Amino acid sequence: MKPAKEADVGLDRDVFMRALIRELATSLESVVGLEEASGYISLVGQSVGSQLNESYTAALGLPRLGREQVADVLVDLKQRIKGDFYLISQDDEKIVLGSRSCPFAEKVLGRDSMCMMTSNVFGTIAAQNLGYARVELEETIARGHSGCRVVVHLTPDLDVDDEPGREYFGDRHATGSTGAAALPAGD
């Protein structure tokens, strides 16, 4: 009899964690619906975004990142977790990112709520450093696109209720407010 450790089951920590997150998202979506599931995952993404922001600012020895540094950090963090993100463009109004692969790989297909991790991590980091962000997920692998296109808007629109995406507001150090928050914007 062949020992289990010699069986070709394609299982490692990464595959297990991606499967676990997918099944959590699936359970949430089926029990409370896509919108509520996205909200729950948003809370996790916001917390992770704050932790990553603290790690990057400490490692770079800066109290706050500028726009170009924020763009660099967003690409770097996704690259580190095997999301093939790259910078398409950036200016004072927005940072546009693309991706050829998702850190969740095939486990993200059909699970839009999992994209809230990207939205919230990006939005939290941008808002904590630049004061404001609205993250628009124009294209996602979860929705069946060949890649992702994420726009991080850096200036609020007058009629944000009509704009797609989710808004993020910086903490009091960046904006004068008393905390970081994420709000849907006209999804």
In the stretch 21-30, is there at least one residue being surrounded by 13 or more Cβ atoms within 10 Å (Cβ to Cβ) and more than 23 Å from Phe122 (Cβ to Cβ)? yes
Of the candidates Gly83, Gly10, the one satisfying the condition of being within 16 Å of Ala142 (Cβ to Cβ), out of contact with any helix residue (DSSP H, G or I) (no Cβ under 7 Å at 6 or more places or on another chain) and not in a helix (DSSP H, G or I) is Gly83
When you scan the stretch 56-70, how many residues do you find that are assigned to a helix (DSSP H, G or I) and in contact with a helix residue (DSSP H, G or I) (Cβ under 9 Å, 6 or more places away or on another chain)? 6
What about Val32, is it at pLDDT 90 or above and among the hydrophobic types (A, V, I, L, M, F, W, C)? yes
Condition check for Gly45: closer than 20 Å to Asp14 by Cα, in a helix (DSSP H, G or I) and modelled with pLDDT under 95: yes
Give all pairs with beta carbons closer than 6 Å in which a residue from the stretch 131-155 that is within 18 Å of Lys78 (Cβ to Cβ) meets a residue that is crowded, with 21+ Cβ neighbours inside 10 Å and aromatic (Phe, Trp, Tyr); count only pairs at least 6 apart in sequence or on separate chains. Ala133/Tyr168; Val135/Phe122; Val152/Phe122
Have a look at Arg143, Arg134 and point out the one that is more than 11 Å from the chain's Cα centre (by Cα), basic (Lys, Arg), within 21 Å of Ile21 (Cα to Cα) and not in a helix (DSSP H, G or I). Arg143
Members of the stretch 90-124 found to be part of a loop (DSSP other than H, G, I, E, B), buried (at least 24 other Cβ atoms within 10 Å of the Cβ) and in contact with a Gly (Cβ under 8 Å, 6 or more places away or on another chain), listed by number: Cys102
Checked Ala182, Ala174, Ala133 against criteria (crowded, with 23+ Cβ neighbours inside 10 Å and modelled with pLDDT under 95); the one match is Ala182
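The values are calculated or read from the model by the stated rules, or taken from the named source; none is laboratory data. All figures in this text were calculated on a predicted structure; none of them were measured in a lab. All Cβ positions, glycine included, derive from the backbone under ideal geometry; neighbour counts span all protein chains shown.
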